[in-house]
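Written below as structure tokens is the structure these notes are about.
The values are calculated or read from the model by the stated rules, or taken from the named source; none is laboratory data. Treat the numbers as computed from the prediction; the structure is a model and nothing was measured. Don't worry about glycine lacking a Cβ; one is built from the backbone with ideal geometry, like all the others, and counts go over all protein chains shown. Heads up: the accessible areas ignore ligands, DNA and RNA and are worked out on the full protein's heavy atoms, side chains in. Shrake-Rupley method; radii C 1.70, N 1.55, O 1.52, S 1.80 Å.
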Amino acid sequence: MPVLCSSCSEKRAVLKRPKTGHSLCKACFFWAFEEEVHRTIVAAKLFRPGETVGVAASGGKDSTVLAHVMKLLNERHSYGLELMLISVDEGITGYRDDSLETVKRNQQQYELPLKIVSYEELYGWTMDAIVKQVGLKNNCTFCGVFRRQALDRGAVMLKVDKICTGHNADDVAETVLMNILRGDIARLRRCTAISTASEGDGVVPRCKPLKYAYEKEIVLYAYFKKLDYFSTECIYSPNAYRGYARTFLKDLESIRPSSIMDIIHSGENLSFREGVKMPVQGTCSRCGYISSQALCKSCVLLEGLNRGLPKLGIGKHHRLHEKILSQQPLTEREERKLKSVDF
Amino acid sequence: MCQVEEEYHEQLERVDTPSASKKCVKCKEELAAVVIRAGDSYCRNCFRESFIHKFRAMLGKTRVIFPGEKVLLAVSGGPSSCSMLSQVQEGVSQNAHKKLRFLPGIVYIDEGGALGQRKEMRQKATSELCDMFRSTGFPFYILPLEQVLDLPGSVLTPSPPSDQPGSGYKAAVDLFLQSGGSGSDGKAEEQEGVSPPAVQESHTRLLQQLIGSAQTLTAKQDLLNTLRQHLLVHTARTRGYSKLMLGDSCTRLAVKLLTSISLGRGAQLAQDTGFSDCRYGDVTVVRPMREYSAKEIAYYNHMFKIPSVVVPNLDTKTPDKASIQRLTQSFVTKLQADFPSTVSTIYRTGEKLQTAGGSSSAAEDAERCVLCVCGLDTAAEEASALQATLISEQLSRSSVSVKPEPPSTVGQCCSSERPCGGAEGASDCCRSSRDHEAAELRSLLCYSCRRTVRDMSSVTHLPQYVLSEVQRRQNRSAMKEQISEFLLDDADEND
Ligand SMILES: [Zn+2]
Ligand SMILES: [Zn+2]
Ligand SMILES: [Zn+2]
Ligand SMILES: [Zn+2]
Ligand SMILES: [Zn+2]
């Protein structure tokens, strides 16, 4: 016996919502999914009319669904936003090619302008060139640091007011768990925020319109909408804690599907003891990006690359920052230490 | 999303194998007998000394337990609470050079009824514990969990803390010394519960129905924890104990913290896992074993022959994914085996948290959860996970209204997760007043307890003291509504 849609009570249900367990027809699911994102955007006051908003597009499912829904809601509810897709090209042969193709197709389908910012443009180095110098063992440091800043640098370059990213509810819950496992109070406090205010010149405010959308529903949405996406798993393994947190979260979800929302609820309601030390955030004296040191990580990494001292950014060499800033020469011993790299 | 986007690059500290035949790090003479963690190897004597010192230091630095105060030790029979009992015995014994100056009592709750154990099994466990308790010379109470069914509604309303004479730790010490250091009523107390009160079979059946109405093991365990807590607090309160000591170890608390997070209890985390918890007002819960790892306790109990009793619980012999509590337990255990800093890191995260809204005793009882007695975290603020969930439910439910919602309820009785007709007794839930009853109850629960109740086929098996407290609060708020126009401000007269 076919199950009827629990919303319209007319059409046949084609799916069971992972988030609520309701059986819905295609149209009602689309409507519910989109309206939920809309209600989140409105309730959290994510945008203002007239703003230029960059949608971080990787070609993956989250950002493809995000681009699609943002475009649709901007028209349906007259947000008055200027949308554009922003993609980062790390310059890894064979890795980004397919996903960039996907993003380019998305651009045509959604009729949104696409800007691709390349590592070469931003840093003067492609990932391939970096790997050549630092070896495979250390490139994850570079990948993480550069990628974090690439969107910001790109957004500044393109003069957008805000960036929205495809982080979904699973990502947020996973991050809460991970920060508890790592004992990272500063990040635990920040990680459930739906948007970040501008934190300095080099940083554009970011937000997560899909914060309350389940990953499984994003896949369902993309599947029934026949959206064109490329499944990008980062070719570098995720760090250990995230891997554990992810497995744990999946297991929790299988026991009680609401766990994902329950963990976000927990994160949103944590209350921290007064006087718990938070790291002071300053800005990089070279590029203006937020940094607790004189130089931000990517500037240190770049300095290392440009001087042929790749180890500079990998270990902790804070006391060298002053030297680098004032362009003093390094001692022979320092040079030697920073040059050797294990492949 | 690229997972490396955030800068997490430090390597995890892998377990390293301890080198054999090391010297004790403390006396630097004897050969080490235990290695608690890498670089922490002790000889037998120094281990004992540091173990005992840690207990006293915890009580000394927190200054929560006053000299002469009656303190009830909740002993489950497990290694941690039995170790706690031995520490208290050690501490109050005459020859201890730094004597603990409070008056201990012991309580054990026999949960065998909830687990469906046979009478003989239950008697075997209780008589073993009875012998152990008797040998301490402390007053003790052995209570079947069935007694929770007869509790008064007052369990759920925190009473103001009784005035400590002179208020403050220092004043209490002075007073204690003046009175000759004997405390209020000495040791003349009778040992109760020597033969535990007989349990009526009908009570056991009611308890089993209640636990059985929870459809998931996660909810069963949560419910059982809540009931046990109520009976413990009630026992302390009625026997004049102002402190209730739990034997949660650091390892246990790390698991509890992660479990609480996963169950949506972020707001209550500090109370669930902190050193002291004053949600009940006149009875403060304290956890003096919080800085001992389970491993440390196991070593100590083994070396110094501290007895413990294996009592089965709901978890026993269940697979890892049977419940959230069980899963978290095995997750933390496995991670700890690979990364020895896991437990202490999670534990330290908890140390940096506090109860939402500052002082926990400040919340009025209208704003407290009728099950866990914590402050409510259900305001459903704009752009919150709770609001998003409510929106999802609303958008997935029929837009063509079939039946009018009962007024003034947030209710979704027949939530899709548990559609009518499945579970026993649920078939008429939508039609009858049960729907209404469940919705009324739900509105008085915190986020996490709502989740638990949602996993229940029916709320009618909840103990009478819970249901009548729900009724009482409903009446009060109805009353308040009637007279609202005459009230000058929001101040609620609760006493
Ligand atoms: Zn429908
Ligand atoms: Zn910089
Ligand atoms: Zn990467
Ligand atoms: Zn020693
Ligand atoms: Zn509660």
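Annotations for the structure displayed:
- Dipole magnitude of chain A, debye to nearest 20 (Cβ charges: Lys/Arg +1, Asp/Glu -1, about Cα centre): 600 debye
- Under 5 Å between amide hydrogens, built in the peptide plane, is the criterion, and for B:ASP110 it picks out B:LEU143, B:LEU145 among residues at least 5 positions away or on other chains.
- Taking θ as phi - 60° and the Karplus parameters 6.51, -1.76 and 1.60, the scalar couplings of the range A:258-264 work out to 6, 3, 4, 5, 4, 5, 5 Hz in sequence order, x denoting glycine and proline.
- Highest-MSF residue in chain A out of A:LEU85, A:LEU330, A:LEU220 [GNM, Cα springs under 10 Å]: A:LEU330
- Full extension of the chain between A:THR196 and A:ARG273 gives 25.5 nm of extra length, using 0.36 nm per residue less the Cα-Cα distance.
- Amide hydrogen proximity for A:SER7: with H placed 1.01 Å from N in the peptide plane, the residues at 5 or more positions away or on another chain lying under 5 Å are A:CYS25.
- Solvent-accessible area of B:MET479 with every protein chain in place, 1.4 Å probe, in Å² to the nearest 10: 100 Å²
- Spin-label model, A:ARG333 to B:ILE483: label points 7 Å out along the Cα-to-beta-carbon direction sit 8.1 nm apart.
- The residues B:LYS54, B:LYS334, sorted by heavy-atom accessible surface at 1.4 Å with ligands and nucleic acids left out, run B:LYS334, B:LYS54 from largest to smallest.
- For the chain pair B and A, buried accessible area totals roughly 6400 Å², probe 1.4 Å, rounded to the nearest 100.
- Shape category assigned to the range A:30-269 from the gyration tensor of Cα positions, a/c cut at 1.5: rounded
- Of all DSSP beta bridges confined to chain A, the antiparallel ones make up roughly 30%.
- Distant-in-sequence amide H partners of A:VAL55 (H built 1.01 Å from N, under 5 Å): A:MET84, A:LEU85, A:ILE86, A:CYS164
- Between 0 and 90°, nearest 10: helix A:240-255 axis offset from chain A longest Cα axis: 10 degrees
- The simple spin-label model puts a point 7 Å past each Cα toward its Cβ; for B:SER330 and B:ARG476 those points are separated by 4.3 nm.
- When the Cα convex hull of the range A:33-175 is projected onto planes of every orientation, the mean area is 9.2 nm².
- Shape of the range B:246-371, Cα gyration tensor, a/c cut at 1.5: prolate
- Cα-based shape type of the range B:74-160, given that a ≥ b ≥ c are square roots of the gyration tensor eigenvalues and the cut on a/c is 1.5: oblate
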